[in-house]
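K.L.:
Following this message is one structure expressed as structure tokens.
Readers should treat all values here as calculations from the given coordinates under stated rules, not as data from a laboratory. This one's a predicted model, so the numbers in the text were calculated from it and none came from an experiment. So basically every Cβ, Gly included, is an ideal-geometry build from the backbone, and we count neighbours across all protein chains shown.
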Amino acid sequence: MARKSFIAGNWKMHKTIAESKALAQAIKEAQNKNNADIMVAPVFTSLNAVAEVLKGSNVIVSAQDCFYEEKGAFTSQIAPNQVKDAGATCVILGHSERRSLFGDTNEILNKKVKAVLAQGLRVVYCVGETLQERESEKTISVIQQQIEGGLKGFTTQDLKDLVIAYEPVWAIGTGKTATPEQAQEVHKAIRNILEQKFDKDFAQQVRILYGGSVKTDNVDAIMAKEDVDGVLVGGQSLVAEQFIRIINYNK
């Protein structure tokens, strides 16, 4: 089954509003030779400004996270409807930094997925194992728990626009990268988990991205793998020339 490629940039805690607008403008004007879906996830303070720059383009604007309540006494938190109001159409949930630094459990993420879908927003749901879990050969069981817990109670119709990002925690910001073969192995396992939990058609249509030190010099080999449908890029999404090269990966 041919799945449209999906190239996403997670800007994390980088860029002022002016810098974010300039980067968004460069991406908007860039060639997209693979006709990929392109997504950028700026910081909350730049979300509306970036959405304004990208209005009318095909570039998807995403928040990096949100809370699961609509309103209330939740100091520092951002609600899904506020993300939507700022101009985003997507939310990244379950990034390993959210899980490890801020205590996002599978149960919390399940509430967030529900709240985000209720606003008609798309979810990029992140899964991945630590180095200790990989060395203990727990990679697949950990990812299965993350999928089972975070996507509990939803139908394939609820999740029709779902994108999953596989991010080996040991390869984020470390310079280490899973080999294309390692990425393919886990992506294929994720499809098997989705088939068991939902059905084969759903498993075949969901796009699965690889994230973890994706660079201009490894993207071609990663994207050549059958079950890798795109990439979630960190550091190199912050430099227009590098991200544009990744968008225009060689098939």
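K.L.:
Pick from region 156-200 the residues that are of a type in the set (Ser, Thr, Tyr), touching a residue at least 24 places away in the same chain (Cβ under 8 Å) and assigned to a loop (DSSP other than H, G, I, E, B): which of them is surrounded by the most Cβ atoms within 10 Å (Cβ to Cβ)?
P.N.:
Only one residue fits best here, namely 177.
K.L.:
Determine whether residue 18 is without any contact (Cβ under 8 Å) to a residue 12 or more places away in the chain and over 21 Å from residue 147 (Cα atoms).
P.N.:
yes
K.L.:
Right, something else. Just to check your reading of the model, which residue among 82, 119 is touching a helix residue (DSSP H, G or I) at 6+ places or on another chain (Cβ under 8 Å), among the polar types (S, T, N, Q) and within 26 Å of residue 38 (Cα to Cα)?
P.N.:
119
K.L.:
Would you mind telling me which numbered condition in (1) more than 23 Å from residue 110 (Cα to Cα); (2) surrounded by fewer than 18 Cβ atoms within 10 Å (Cβ to Cβ); (3) in contact with a helix residue (DSSP H, G or I) (Cβ under 9 Å, 6 or more places away or on another chain) residue 29 fails?
P.N.:
(3)
K.L.:
Another question about this same structure. Condition check: surrounded by fewer than 16 Cβ atoms within 10 Å (Cβ to Cβ), assigned to a helix (DSSP H, G or I) and in contact with a Lys or Arg (Cβ under 8 Å, 6 or more places away or on another chain). Does residue 148 satisfy that?
P.N.:
yes
K.L.:
Can you tell me which residue in region 213-251 is surrounded by the most Cβ atoms within 10 Å (Cβ to Cβ), limited to those that are aliphatic (A, V, I, L, M), under 15 Å from the mean Cα position of the chain (by Cα) and in a loop (DSSP other than H, G, I, E, B)?
P.N.:
214
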